[in-house]
1. Looking at Val344, Val370 in this structure, which one is modelled with pLDDT under 90, touching a Leu at 6+ places or on another chain (Cβ under 6 Å) and closer than 22 Å to Gly431 by Cβ?
2. Quick check: anything in the stretch 143-150 in the same structural domain as Phe93 (by TED's automatic domain parsing), surrounded by 18 or more Cβ atoms within 10 Å (Cβ to Cβ) and in contact with a helix residue (DSSP H, G or I) (Cβ under 8 Å, 6 or more places away or on another chain)?
3. Checking the structure you have, find out if any residue of the stretch 162-173 is under 60 Å from the mean Cα position of the chain (by Cα), in the same structural domain as Leu77 (by TED's automatic domain parsing), in a strand (DSSP E or B) and not hydroxyl-bearing (Ser, Thr, Tyr).
4. Return the only residue of Arg376, Arg397 being in contact with a Lys or Arg (Cβ under 8 Å, 6 or more places away or on another chain), basic (Lys, Arg) and closer than 16 Å to Val457 by Cβ.
5. For the stretch 63-75, which positions are at pLDDT below 70 and either assigned to a helix (DSSP H, G or I) or of a type in the set (S, T, N, Q) (or both)?
6. So, in the stretch 373-427, of the ones that are among the charged types (D, E, K, R) and over 16 Å from Asn446 (Cβ atoms), which residue ends up modelled with the lowest pLDDT?
7. In contact with a strand residue (DSSP E or B) (Cβ under 9 Å, 6 or more places away or on another chain) and surrounded by 16 or more Cβ atoms within 10 Å (Cβ to Cβ): which single residue out of Gly403, Gly413 fits that description?
8. Filter the stretch 431-467 for residues that are on the phi > 0 side of the Ramachandran plot and modelled with pLDDT under 85; which is surrounded by the most Cβ atoms within 10 Å (Cβ to Cβ)?
Amino acid sequence: MLSFTKYNLARQFMIVSFLILMIGMLILGTLVSQQIETGVINQISAITALYVDSFISPHLQSLANADGVPGSQLTELDRLLQETPLGKNIVSFKIWSPDGRIIYSPNKEIIGRYYESDEHFQMALSGQVSSEISNLDQPENEFEKQTWSQLIETYAPVMADNSGEVIAVSEFYQLPDNLKSQIKSAQAQSWMVVGIATLSMYFLLTGMIGRASNTIVSQQTQLNEKVLQLTDLLSKNKQLHLRVQRAARRTTSLNEQNLYRISSDLHDGPIQDIAVALLRIETIADACQGCQNQAIEEQNIPEHLDILQRSLETSLREIRSISAGLRLPELEELSTERVARRAVRDYKRKTGAVVKLIIEDIPREAPMPVKITIYRVLQEALFNGFRHADGKGQSVRVWDNNGNISFEVLDTGAGFTPHSVSDNSNLGLAGMHERVELLGGSFQINSDYGSGTQIHVTLPLVTIEDI
């Protein structure tokens, strides 16, 4: 089987079709040969039976009224079989009565004997001519078998001229040599025709299948080339996708670094300048409290200084608050669970809200971009719930999701319809969504009026080095 399947489709078809056509040719040739043999035997037997009936039947008409044949007629029958051309074609001859008794035969020893009739004898009694090539193995052929091994045996009915009734059965034997040569010639011609037809069909079919196979092979080659091209494009696309992911992860880290630098710049720049200005204003205010200058009192300089001082103090607090919000706590040394807990704790400390926190068995380590995103998204989601839902029923759940980390933030506030909120009108939602997608994660919001809000996030735990 393995040696056969190694061939291509066209060669397999050629082998199988050749075997099938050869088997078909053998079956068809055998059937045709048998039909030719039967036809030739019947034709020769019919001609011979007609010849015998024309010469012998007139001498047997007395059987219609008597049980035997007169002696003069028997002598005439002997003469016909010995001295006429009929005897050259017939090697033995018998006449049977309808009850199976031999009435006449050149071999006088069997005249008067009864033999069991066979199907050919019965067919002759019904008015049909029946022939076969006999191996002379019947009891009635004991004398013929001493001389010949095979003979053509023909039974023909002898009918009465007046009534058409079968009054006897004539049986005669012929040598098969001439018949066999005719049969072989006819069979050879039939085999040649069948062989030529079979080979013609074979070559036509193999030609058609060969062309079809060439077409298929050509198409397969083109398809394989296309597959290779697509595979190469997919590989390149995958590499580009990984590069984009790597760039996104680096962008996340760089953004946090930029925010950290801005926070440092605010702390080291404007905050210090405002603090110095406040100190100067306090010094001036203290000095002016002891002044009795009427012009200073008329211009109400202490009140102006007080307003200026309060404005600068307010600005200082706001800038410090902004600077603190830009600066992330140190997350690199924290585990994934502690990052989530830190985000919830910082939110609770700033707002005083109550948050139910559930952390299931999650991976301990995660790359820094993932930790940053967990902290920022939890922070933004909780503050959104505080601003728009008054912090009602807030809860956070974090769990392992088939090697990824998932978390959801819930509240039982008034809710909203997410599709009615544009990215421009809610930068917090857009920012969370963008942060998660940059890391190849998924971000979903489920909410409706009166049913609260659920934010579901899944992040892959893949490090940059693994890409």
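1. Val370
2. In the first step, residues of the stretch 143-150 are kept if they are in the same structural domain as Phe93 (by TED's automatic domain parsing); the result is 143-150.
Still in the running and surrounded by 18 or more Cβ atoms within 10 Å (Cβ to Cβ): 144.
When the remaining residues are screened for being in contact with a helix residue (DSSP H, G or I) (Cβ under 8 Å, 6 or more places away or on another chain), the result is none.
Within the stretch 143-150, not a single residue is in the same structural domain as Phe93 (by TED's automatic domain parsing), surrounded by 18 or more Cβ atoms within 10 Å (Cβ to Cβ) and in contact with a helix residue (DSSP H, G or I) (Cβ under 8 Å, 6 or more places away or on another chain).
3. no
4. Step by step, each of Arg376, Arg397 is checked, and only Arg376 is in contact with a Lys or Arg (Cβ under 8 Å, 6 or more places away or on another chain), basic (Lys, Arg) and closer than 16 Å to Val457 by Cβ.
5. Across the stretch 63-75, the qualifying residues are Ala64, Asn65, Gly71, Ser72, Gln73, Leu74.
6. Keep residues of the stretch 373-427 that are among the charged types (D, E, K, R), which gives 376, 380, 387, 390, 392, 397, 400, 408, 411, 423.
After this cut, where a residue has to be over 16 Å from Asn446 (Cβ atoms) as well, the list is 376, 380, 387, 390, 392, 400, 423.
Numbers: Arg376: 86, Glu380: 87, Arg387: 84, Asp390: 85, Lys392: 88, Asp400: 91, Asp423: 52.
Selected residue: Asp423.
7. Only one candidate passes the filter, namely Gly413.
8. Gly440
The values are calculated or read from the model by the stated rules, or taken from the named source; none is laboratory data. None of the values given here were measured: they were computed from a predicted structure. Neighbour counts are summed over all protein chains in view; Cβ atoms, including those assigned to glycine, are modelled from backbone coordinates with ideal geometry.
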